[in-house]
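Structure first, then comments.
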């Protein structure tokens with residue numbers, strides 16, 4: 001999978017690099033993963049997510065809109081696809097990743113184990 005640079009993504013979105021960075025710094029756009037050198041790895045699905053946020057009016061091309069983060073299913077699905085691709089690209093076993101994630105966030109372990117009750 002080919003990753004884009006921040007400037008390439010900004011050009012594709014037709015915004016300045018600083019606007020894109022402002023969206024990242026204020027949490028309006030989820031931070032992409034970074035490589036060992038610290039460069040952001042912009043995947044196609046991440047770029048599509050940002051395009052969707054712009055299209056939905058959640059962020060504007062030239063200004064930052066202050067809104068709460070969302071757990072909307074389409075955003076969560078897009079991020080899950082991106083994590084899955086990132087794990088495949090890095091040849092990381094999902095169970096190893098989940099074990100480390102649960103170590104970092106102990107509350108997630110309990111939530112993942114307990115089945116949801118239907119009313």
For region 34-58, which residues satisfy the criterion of being in a loop (DSSP other than H, G, I, E, B), out of contact with any helix residue (DSSP H, G or I) (no Cβ under 6 Å at 6 or more places or on another chain) and surrounded by 16 or more Cβ atoms within 10 Å (Cβ to Cβ)?
41, 58
Of the residues in region 30-42, those that are farther than 19 Å from residue 75 by Cα and within 14 Å of the chain's Cα centre (by Cα) number 2
Across region 14-29, which residue is farthest from residue 87 (Cα to Cα) among those that are surrounded by 14 or more Cβ atoms within 10 Å (Cβ to Cβ) and under 16 Å from the mean Cα position of the chain (by Cα)?
22
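In region 1-13, how many are part of a loop (DSSP other than H, G, I, E, B) and either over 22 Å from residue 81 (Cα atoms) or out of contact with any helix residue (DSSP H, G or I) (no Cβ under 7 Å at 6 or more places or on another chain) (or both)? Working first, answer last.
Taking region 1-13 first, the residues part of a loop (DSSP other than H, G, I, E, B) are 1-3, 5.
Narrowing the set further to residues that are either over 22 Å from residue 81 (Cα atoms) or out of contact with any helix residue (DSSP H, G or I) (no Cβ under 7 Å at 6 or more places or on another chain) (or both) leaves 2-3, 5.
Number of matching residues: 3.
Taking the residues in region 67-89 that are surrounded by 10 or more Cβ atoms within 10 Å (Cβ to Cβ) and outside any helix (DSSP H, G or I) as candidates, determine which candidate is modelled with the highest pLDDT. Give the steps one after another, and end with the answer.
In the first step, residues of region 67-89 are kept if they are surrounded by 10 or more Cβ atoms within 10 Å (Cβ to Cβ); the result is 67, 70, 72, 74-89.
If we keep only those that are outside any helix (DSSP H, G or I) as well, we get 67, 70, 72.
Details: 67: 45, 70: 69, 72: 79.
Filtering region 67-89 for residues that are surrounded by 10 or more Cβ atoms within 10 Å (Cβ to Cβ) and outside any helix (DSSP H, G or I), the one modelled with the highest pLDDT comes out as 72.
The values are calculated or read from the model by the stated rules, or taken from the named source; none is laboratory data. These numbers come from a predicted model, not from an experiment. Every residue, glycine as well, gets a Cβ built from its backbone with ideal geometry; the counts of neighbours run over all protein chains shown.
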